[in-house]
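One structure below.
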Amino acid sequence: MAVIDQINERWGRGTVRSAVVPVNPDWTMRREIMSQSFTTNLDHLWKVACK
């Protein structure tokens, strides 16, 4: 925390801060495209071909 305080003191308040997710973020995960068994069934994963 001392290093973060030093950086913010030098470059301005809020330049560096702890990583946190707000209680009610403006963004949400798009769960409608997530597989129902995303950790157990590899056949449900999307396949991408690069040519």
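Report the FRET efficiency, 1/(1 + (r/R0)^6), for Arg10 and Asn41, where r is their Cβ-Cβ distance and R0 is 35 Å, rounded to 0.05.
Using R0 = 35 Å, I get an efficiency of 0.10.
Mind giving me the nanometre distance, one decimal, between the label points for Val20 and Ala2, set 7 Å out from Cα along Cα→Cβ?
2.3
Lys and Arg at +1, Asp and Glu at -1: add these up for the other residues within a Cβ distance under 13 Å of Val16 and post the number.
Around Val16, the surrounding residues sum to +1.
Each value in this text was obtained by applying a stated rule to the coordinates, not by laboratory testing. The structure presented is a predicted model; accordingly, all values stated were derived computationally and were not measured. In this analysis, Cβ positions are derived from the backbone assuming ideal geometry, glycine residues included, and neighbour counts consider all displayed protein chains.
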